[in-house]
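Here's the structure we're looking at; comments come further down.
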Amino acid sequence: MFKALYIDKVEDQYQCSVKQLDDAAFPEGDVIVNVEYSTLNYKDGLAISGKSPVVRRFPMVPGIDFSGIVEHSDNPNIQVGQRVFVNGWGLGEKHWGGLTQKAKVNGDWLLPVPDSLSTYDVMAVGTAGYTAMLCVQALEKNGITPQSGKILVTGANGGVGSFAIAYLAKLGYTVIASTGRPEEAERLQALGASEIIDRNTLSEPGRPLGKELWAAAIDSVGSHTLANVCASTQYGGVVAACGLAQGMDFPATVAPFILRGVTLAGVDSVMCPNDKRVKAWEQIAKLVDKEMLDTASTVIGFEQVIDIAHQLLDGKVKGRVVVDIKG
Ligand code: NDP
């Protein structure tokens with residue numbers, strides 16, 4: 001028997017609770033992993049609360065990523081005893097996810113934990129930190145360097161935002177953090193932000209073009225914020241867009257793109273091909289250190305997950321939440 005967070009629809013009622021399951025309950029997959037750590041992301045909050053139709057199949061075990069040790073493998077590329085982890089691929093949406101003591105998944109989705117990192121470290125980084133790296137690499141791929149100018153990070157106190165700031169600062173960039181929680185300024189500075197702006201300056205409908213304030217941006221907020229971010233990006237700059245914390249809409253004009261040559265780079269972590277993932281995790285393994293992970297993440301136990309998921313949706317959680325499945 002093993003413990004899992006279990007979402008089901010009973011007589012049209014959405015329910016999420018901790019359940020004891022056995023191996024017979026497992027869905028399809030060729031590798032069984034003893035899960036050591038999982039995480040709580042915005043998407044998990046939506047799945048656990050039922051606030052948004054994230055879950056596409058019932059019953060469902062939420063959790064978009066996990067790490068652990070392989071217990072059983074029918075996949076030639078994965079060995080019993082190997083330290084592995086996974087991000088995305090529809091876990092917690094279409095396939096059972098990581099908020100469980102045991103997971104059965106398609107072994108092709110698993111990556112080996114990099115030698116310099118632990119199963120805890122890869123979850124402290126998690127989907128948010130990996131997405132932040134995909135965003136950094138999208139800026140680099142489009143020609144942005146520390147000499148290009150300042151880089152704006154929106155949703156600064158969130159998981160993606162916190163890691164984006166930390167990576168950029170370590171790579172030598174000057175970072176402006178946009179946040180609705182100015183009281184967290186010290187934390188953002190510790191991560192590497194040089195300047196902090198109030199997110200309200202970006203969240204209302206704005207002009208098609210504004211002052212050129214940054215060379216590039218990493219946006220996890222969407223909506224008016226993304227439109228205003230593009231409008232204030234320097235000539236030839238780049239905006240990596242990965243999130244929708246303010247909204248899914250994009251009420252913008254084409255002006256920044258056709259008059260300033262701004263590039264809007266979309267970033268998806270879920271279906272991202274493995275070669276890009278490996279490249280992102282190679283750079284993550286080089287950049288993260290214990291201090292960064294401690295500043296960016298907090299650890300909770302399995303029993304706290306439902307409560308913290310609601311707090312996360314209310315914007316009360318700072319940085320990353322790692323779930324200690326064994327604890
Ligand atoms: P978090 O909940 O950890 O952080 C979101 C942050 O956005 C908050 O901390 C807050 O930062 C800011 N925020 C929240 N509400 C609003 C609002 N109404 N207006 C402006 N800012 C707001 O989430 P994550 O960092 O994990 O994810 C951020 C976004 O990125 C989510 O939309 C998520 O779905 C998306 N995402 C996308 C991925 C992809 O593959 N494309 C992968 C991972 C995440 P502050 O308090 O500093 O203002």
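The values are calculated or read from the model by the stated rules, or taken from the named source; none is laboratory data. A quick note: this is a predicted structure, and the numbers were derived from the prediction, not measured. Neighbour counts are summed over all protein chains in view; Cβ atoms, including those assigned to glycine, are modelled from backbone coordinates with ideal geometry. Only protein heavy atoms, including side chains, enter the accessible area calculation; ligands, DNA and RNA are left aside. Shrake-Rupley method; radii C 1.70, N 1.55, O 1.52, S 1.80 Å.
Residue check: VAL270 meets all listed conditions (1) aliphatic (A, V, I, L, M); (2) surrounded by fewer than 18 Cβ atoms within 10 Å (Cβ to Cβ); (3) farther than 30 Å from LYS94 by Cα but one, namely (3). For the criterion of being among the small types (Gly, Ala, Ser), within 11 Å of the ligand (Cβ to nearest atom) and modelled with pLDDT of 95 or more, ALA216 fails. Could you please let me know if LEU168 is within 10 Å of the ligand (Cβ to nearest atom), open to solvent by less than 20 Å² (accessible area, probe 1.4 Å), in the same structural domain as GLY143 (by TED's automatic domain parsing) and assigned to a helix (DSSP H, G or I)? The answer is no for LEU168.
Would the stretch 103-116 turn up any residue that is in a helix (DSSP H, G or I) and outside the structural domain of ILE7 (by TED's automatic domain parsing)? Within the stretch 103-116 (the criterion being in a helix (DSSP H, G or I) and outside the structural domain of ILE7 (by TED's automatic domain parsing)), the answer is no, since none of the residues qualifies.
Every condition in (1) assigned by TED's automatic domain parsing to the domain that holds SER52; (2) assigned to a loop (DSSP other than H, G, I, E, B); (3) under 19 Å from ASP65 (Cβ atoms) is met by LYS316 except one, and the failing one is (3). Of the residues VAL86, VAL54, VAL18, VAL33, the single one that is in a strand (DSSP E or B) and within 16 Å of the ligand (Cβ to nearest atom) is VAL86. Could you grab me the full set of residues in the stretch 171-197 that are within 9 Å of the ligand (Cβ to nearest atom) and either open to solvent by less than 10 Å² (accessible area, probe 1.4 Å) or at pLDDT 95 or above (or both)? Once the filter is applied, which keeps residues that are within 9 Å of the ligand (Cβ to nearest atom) and either open to solvent by less than 10 Å² (accessible area, probe 1.4 Å) or at pLDDT 95 or above (or both), the stretch 171-197 yields ALA177, SER178, THR179, GLY180, LEU188. Summed over the stretch 77-87, residues that are of a type outside the set (A, V, I, L, M, F, W, C) and open to solvent by less than 10 Å² (accessible area, probe 1.4 Å) total 1.
Only one entry of ASP289, ASP275, ASP314, ASP307 meets the criterion of being within 12 Å of the ligand (Cβ to nearest atom) and acidic (Asp, Glu), and that entry is ASP314. Only one entry in GLY159, GLY155, GLY63 is within 16 Å of the ligand (Cβ to nearest atom), open to solvent by less than 10 Å² (accessible area, probe 1.4 Å), within 18 Å of the chain's Cα centre (by Cα) and small (Gly, Ala, Ser), namely GLY63.
When the residues of the stretch 233-247 are filtered to those that are more than 15 Å from VAL267 (Cβ to Cβ) and within 16 Å of the ligand (Cβ to nearest atom), the one that is least open to solvent (accessible area, probe 1.4 Å) is GLY247.
The set of residues in the stretch 19-45 that are closer than 22 Å to GLN311 by Cα, of a type outside the set (D, E, K, R) and either open to solvent by less than 60 Å² (accessible area, probe 1.4 Å) or free of Cβ contacts under 8 Å to residues at least 60 places away in the same chain (or both) comprises TYR37, SER38, THR39, LEU40, ASN41, GLY45. Of the residues making up the stretch 187-213, those that are touching a helix residue (DSSP H, G or I) at 6+ places or on another chain (Cβ under 8 Å) and among the hydrophobic types (A, V, I, L, M, F, W, C) are LEU188, ALA190, LEU191, ALA193, ILE196, LEU202, LEU209.
Hey, any hits in the stretch 223-230 for a residue that's closer than 28 Å to ALA185 by Cβ, assigned to a helix (DSSP H, G or I) and modelled with pLDDT under 95? Looking for residues that are closer than 28 Å to ALA185 by Cβ, assigned to a helix (DSSP H, G or I) and modelled with pLDDT under 95, one finds none in the stretch 223-230, hence no.
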